[in-house]
Amino acid sequence: MTTRNRKIWNGNVRDAALSILMEIHNNQSYSNLLLHRTIEKYGIEAKDRGLLTELTYGTLQHRMTLDYYLEPFIRGKLDDWVRELLRMSVYQIVYLTKIPPHAVVHEAVEIAKRRGHKRIAPTVNGILRSILREGVRSLDEIEDETTRISIETSHPEWLVKRWIDQLGEEEAVAMAHENNNPASFSVRVNTAKTTIEEAIAALHAEGVEVRRGEIIEECLISESGNPAKTEAYQKGLITIQDESSMLPVNALDVAPGMKVLDMCAAPGGKTTHIAEKMNDEGEVFAHDLHKHKMALIEANAERLGLSSISTRSGDSRELLELYGKESFDRILVDAPCSGFGVIRRKPEIKYTKTAKDIGSLQNIQSELLDTATALIKQDGLIVYSTCTVEYAENQGMVESYLQRHPNMELIPLPLPHLDDKPNLQIERDTLQVLPQHFGGDGFFVAVFRKKFA
């Protein structure tokens, strides 16, 4: 974790944020993982942690807008780290009202002195002081509506056009804006070990204020404090999971004693949710392509006190050789996807993904579903889910799957409380959650039943 051989953490929050941003830029690292790793590795205190997170995510989320503001003030070519430093500084000036602008300029100049040659600091100083003096240009200067939305929300124009075509302008614009808001911090109560009321009381006793989730009964949303740092977490009473991500397992409609397969299981959030829903009675088989990720699933299961889970690595498209036909009562296919539903947590993907990436995983998604069809018992259920908002990977995948498998039928989602949320998009018995619907990640869920022969 270095930028020009510098330590990522030297006690200076802005310097650390710049190093993280450059690590993302140079190595396509995921911001959420890198930020978490940095905070944990260097034991960064709470007073610095909030600003570090704000600077990292804010600069990433608004990158295109910040470049639009900077463009009139830049002459000639800048090193990547200098441009990133200017973006981070303009983000503070425009979006963070509690930080005095002169302090932002001073810190940026000091960083430039430490990192660059003698001419860099005056350049940074001159650009930022010109912005303070003249102000940033208005977004209303952009005449084309789609281009303006793209720059205003900092989403590539091709993606904005695609979402408008698929969702309509109102939903597309709302989602793009929502992607720039902080994601909620939600937890799932381990109902195999405690009750929801007991978990709330335990968190309150440790200074963590929570409220009930919008859709899922066992979901709690943190309003203050860090649930991951509590004894309740260490004892396995809760686990960290987004509320939308809890939908697929609820739709799976499991019961104690069942034999259930999770085909794409790592890091184990949904696997352990399945075991909890079964009261840890039955068999849960967790598979994932990557062997090193098995340890994550096993660690989660151990912390939560779940013994019904078995793990195995390998290509889940070849599981028919291992288990044989019609072996499972329930199968979850939480498929690899383009991930456009979790842009709030990984803002860099909106800049690095392309239209080609969307199509690259559809063959894998189809093959996973085909394998699941052979493995599911008659009258058994398969849940297909993704964390994206792409039609081709979601509703389009459902349509092509049903055409290939006339012995499978799409059934209404066995999820309570959906009728209470009229803004949710339920189309032909499939659910497409968008981030603005109730604050969860973008997610898609469909349930298939195998007909009796």
What fraction of the DSSP beta bridges in the chain is antiparallel, stated in percent and rounded to the nearest 5? 60 percent
Among the listed pairs Lys277/Lys353; Lys291/Lys356; Lys98/Lys161; Lys41/Lys353; Lys47/Lys346; Lys291/Lys450, which are separated by more than 25 Å between their Cα atoms? Lys277/Lys353; Lys291/Lys356; Lys98/Lys161; Lys41/Lys353; Lys291/Lys450
Need one word for segment 316-453: rounded, prolate or oblate. Basis is the Cα gyration tensor (sqrt eigenvalues a ≥ b ≥ c); a/c below 1.5 gives rounded, then a/b vs b/c decides. oblate
Defining a contact as two alpha carbons under 8 Å apart and six or more residues distant in sequence, what relative contact order in percent does the chain show? 12 percent
Between segment 221-282 and segment 353-428, what is the separation of their alpha carbon centroids in Å? 21 Å
Mind jotting down the distance between the C-alpha centroids of segment 433-453 and segment 76-114, whole Å? 42 Å
From the helices alone, meaning DSSP H stretches of at least four residues, give me the mean residue ellipticity at 222 nm for the chain, per-run term -39500 (n - 2.57), in deg cm²/dmol to the nearest 500. -13500 deg cm²/dmol
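Give me Ser19, Ser130, Ser31 sorted ascending by neighbouring Cβ count inside 10 Å, so fewest comes first. Write down the numbers at each step before the final one.
Working: Ser19 26, Ser130 12, Ser31 22.
The order, fewest Cβ neighbours first, is Ser130, Ser31, Ser19.
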Could you put Leu128, Leu35 in order, starting from the residue whose Cβ has the fewest other Cβ atoms within 10 Å? Leu35, Leu128
Need one word for segment 330-371: rounded, prolate or oblate. Basis is the Cα gyration tensor (sqrt eigenvalues a ≥ b ≥ c); a/c below 1.5 gives rounded, then a/b vs b/c decides. oblate
For a quick check: sort His102, His177 by the number of other beta carbons within 10 angstrom, fewest at the front. His102, His177
So how tilted is helix 80-95 from the main axis of the chain? Cα-based, degrees 0 to 90, rounded to 10. 90 degrees
Relative to the chain, whose Cα atoms define the longest principal axis, helix 196-205 and its Cα axis are tilted in degrees, nearest 10, by 30 degrees
Using +1 at the C-beta of Lys and Arg and -1 at the C-beta of Asp and Glu, which of Tyr384, Ser316, Ile343 has the Cα lying farthest in the positive direction of the dipole of the chain? Ile343
Nearest 10 degrees is fine. How inclined is helix 46-61 to the longest principal axis of the chain, computing both from alpha carbons? 90 degrees
Sum up the charges of everything whose Cβ sits under 11 Å from the Cβ of Ala17, counting Lys and Arg as +1 and Asp and Glu as -1, but leave Ala17 out. -4
Got the relative contact order for segment 244-450 handy, in percent, Cα pairs under 8 Å and 6 or more residues apart? 23 percent
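Sort 219-232, 36-49, 256-269, 427-440 for me by packing, meaning the mean count of neighbouring Cβ atoms within 10 Å per residue, highest on top. Provide the component values of the computation, followed by the final result.
Numbers: 219-232: 17.4, 36-49: 13.4, 256-269: 21.6, 427-440: 19.7.
Descending packing order for the listed peptides: 256-269, 427-440, 219-232, 36-49.
Quick note: the coordinates plus some simple rules give every number you see, no bench work behind them. The shown structure was predicted, so the numbers you read here are calculated from the model rather than taken from an experiment. No Cβ is skipped: glycine too gets one built from the backbone with ideal geometry, and neighbour counts run over all protein chains shown.
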